[in-house]
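One structure is given here, and the rest of the page talks about it.
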Amino acid sequence: TRSTAEDNESNPPLITVRNNRGQTIVVAKGDITKVKDVDAIVNAANGALYHAGGLDKIIADAAGAALIQQCRDIITNNQDLPIEAGKALKTTAGNLPFKSVIHAIGPQYDDGNQQERPLLFLCIMASLQLADKEGYRAIAVPAISSKTYGFPLADCTSII
C-alpha cells in the first residue's frame with residue numbers, strides 16, 4: 001500500500017530489533033520513495049526490469065527516465081534476456097534522493113514447493129551484499145514478491 005509522507009512521519013516503526021552484528025532492523029509501513037536517512041532503496045523488480053505495476057512502477061515513476069533507460073540498457077546488454085530470480089543489481093536513483101536503487105529480482109510464488117523461499121532469500125542476500133560492496137550504511141527493503149508475485153507476507157517478512 002502506498003501511503004503519504006505524512007503517514008510516514010506519523011506512523012512509528014512496527015518493530016525495531018538489534019541483531020548480534022550490531023545492526024538495527026526497523027520494520028515500518030509507508031512510502032519507500034519518501035523514506036529518510038538511507039543510502040539506497042530496494043525495488044521489488046521483475047526479471048525484465050519492465051516497470052508495469054505495483055511498487056516497481058511507483059519507484060520507476062518517481063525516479064524518472066534515467067532509471068528506466070538504465071534498466072533497458074541492462075536488459076539489452078543481457079542479450080534481451082530477463083535477469084534470473086534471486087539476483088540483484090543497481091541503477092541510478094534518478095530523481096529520488098538516494099545514491100542508487102537496488103533491483104531485487106524476486107520469485108513468483110506458485111505453491112511454495114518451487115524453490116520460492118530460497119530464491120527470495122538469494123535476492124535479499126544479493127541486495128544486502130551489493131549494498132555492503134557499495135559501502136551503504138542503511139537501505140530500505142520492501143516486502144519483495146509479497147503483493148504482485150503472491151508470496152505470503154508472513155513468510156516474506158520472516159525471510160527478509
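How high is the relative contact order of the chain? Use alpha-carbon pairs under 8 Å, at least six apart in sequence, and give a whole percent.
RCO, the chain: 23 percent.
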Hz values of 3J(HN,Hα) by residue in the range 57-73 - Karplus curve (6.51, -1.76, 1.60), Gly and Pro given as x
5, 4, 5, 4, 4, 6, 6, x, 4, 4, 5, 4, 5, 5, 5, 4, 4
Amide H of A28 versus every other amide H placed in the peptide plane: which residues, excluding those fewer than 5 positions away on the same chain, fall under 5 Å?
L14
All other residues with a Cβ under 15 Å from the Cβ of T92 taken together, and with Lys, Arg as +1 and Asp, Glu as -1, what is their net charge?
-1
Among V42, V101, V26, whose mean-square fluctuation peaks in a Gaussian network model of the chain (Cα, cutoff 10 Å)?
V26
Correct option for semi-axes √(5λ) of the Cα gyration tensor in Å [calculated from the coordinates] among [x] 22, 20, 16; [y] 53, 21, 18; [z] 35, 18, 12:
[x]
With an 8 Å Cα cut-off and a minimum separation of 6 or more residues, compute the relative contact order for the range 27-103 in percent.
38
With both bridge residues required to lie in the range 10-132, what share of the DSSP beta bridges run antiparallel, to the nearest 5%?
55
About its Cα centre, how strong a charge dipole does the range 44-160 have in debye, to the nearest 20, once Lys and Arg get +1 and Asp and Glu get -1 at the Cβ?
380
Inter-site label distance for A48 and E84 at 7 Å from Cα along Cβ, in nm:
2.1
For the range 70-132, compute Rh as the Kirkwood radius over C-alpha pairs and then the Stokes-Einstein diffusion coefficient at 25 °C and 0.890 mPa s; write the answer in µm²/s, rounded to an integer.
193
How far apart, in nm, are the 7 Å Cα→Cβ label points at N77 and V26?
3.3
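Here, each number is a calculation from the coordinates, and none is a lab measurement. All values derive from a computational prediction rather than experimental measurement. Note that each Cβ is placed from the backbone with ideal geometry, even for glycine, and that neighbours are counted across all protein chains shown.
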